[in-house]
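First comes the structure, then the notes that go with it.
The values are calculated or read from the model by the stated rules, or taken from the named source; none is laboratory data. These numbers were taken from a predicted model, which means no experiment stands behind them. Positions of Cβ are generated from backbone atoms using ideal geometry, with glycine treated the same way; all protein chains shown enter the neighbour counts. Areas reflect the complete protein model, heavy atoms only, side chains present, ligands, DNA and RNA absent. Shrake-Rupley method; radii C 1.70, N 1.55, O 1.52, S 1.80 Å.
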Amino acid sequence: VRHGGAWGGYRADLLRFPEQHFSVVCLCNRSDSRPGKRADRVADVYLNDLMKPKEPEKKERDPEEPEHRPAVPVSADELARYAGDYSSDELGVTYRFAMSGGALKFTGIFAGDSFPRSTELADKTLVPVGKDQFEIPDEYLTLTFQRDSAGVPQTIVLDAGRTKGMIFHRSSSRP
């Protein structure tokens, strides 16, 4: 019996084997932690002698993980237009994006007056996958930028797994 969950950067998995009177709980505070795989490995160690041999794994796509789209070419000048700080009133944080090495990078999450909140996403590259759409593939994040009437990116709609539609508004432009 298994149940997993996620919110923000947190991940969890509960794995129970009722007949063996054994359970594994894995609580993680990183979005890339894969608690289900970790719980499986712990169960393998403790229950190895009691379990039937594993059947070969089928390469089925996890429905929780979105399919990645191929990257599309975007010039460095166009990517630089997305750089800046974008704030979410709902989450009380600011996401910062900047150019580095010809790529648009996620450079940090800040709370309040530029107090660093997390470095988990620092230096992750935003991969352009469509017009005004980017992914951070290892993090299962999709960002859709919306432009103002002058064509300047002003808003981000962030989808993070099952959490969709988080709104961030540009609070500053950065080089």
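Structure summary
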read-out	value
The one condition in (1) open to solvent by less than 30 Å² (accessible area, probe 1.4 Å); (2) over 30 Å from residue 169 (Cβ atoms); (3) at pLDDT below 80 that residue 62 fails to fulfil	(1)
Which listed residue is of a type outside the set (Asp, Glu), open to solvent by less than 30 Å² (accessible area, probe 1.4 Å), closer than 25 Å to residue 165 by Cβ and at pLDDT below 90, from 97, 106	106
Tally of residues being among the small types (Gly, Ala, Ser) and under 14 Å from the mean Cα position of the chain (by Cα) across the range 137-175	3
Selected residue (only one of 36, 8 is surrounded by 11 or more Cβ atoms within 10 Å (Cβ to Cβ), modelled with pLDDT under 85 and under 30 Å from residue 109 (Cβ atoms))	8
Enumeration of residues in the range 1-39 that are over 28 Å from residue 165 (Cα atoms) and in contact with a Leu (Cβ under 7 Å, 6 or more places away or on another chain)	17, 20, 22, 23, 24, 25, 39
The lone exception for residue 24 - which of (1) under 28 Å from residue 159 (Cβ atoms); (2) open to solvent by less than 50 Å² (accessible area, probe 1.4 Å); (3) in a strand (DSSP E or B) it fails	(1)
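Yes/no per residue for (1) open to solvent by less than 20 Å² (accessible area, probe 1.4 Å); (2) closer than 15 Å to residue 108 by Cβ; (3) in contact with an Asp or Glu (Cβ under 6 Å, 6 or more places away or on another chain); (4) modelled with pLDDT under 90:
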residue: 133; (1), (2), (3), (4): no, no, no, no
residue: 137; (1), (2), (3), (4): no, no, no, yes
residue: 148; (1), (2), (3), (4): no, no, no, no
residue: 153; (1), (2), (3), (4): yes, no, no, no
residue: 160; (1), (2), (3), (4): no, no, no, yes
residue: 173; (1), (2), (3), (4): no, no, no, yes
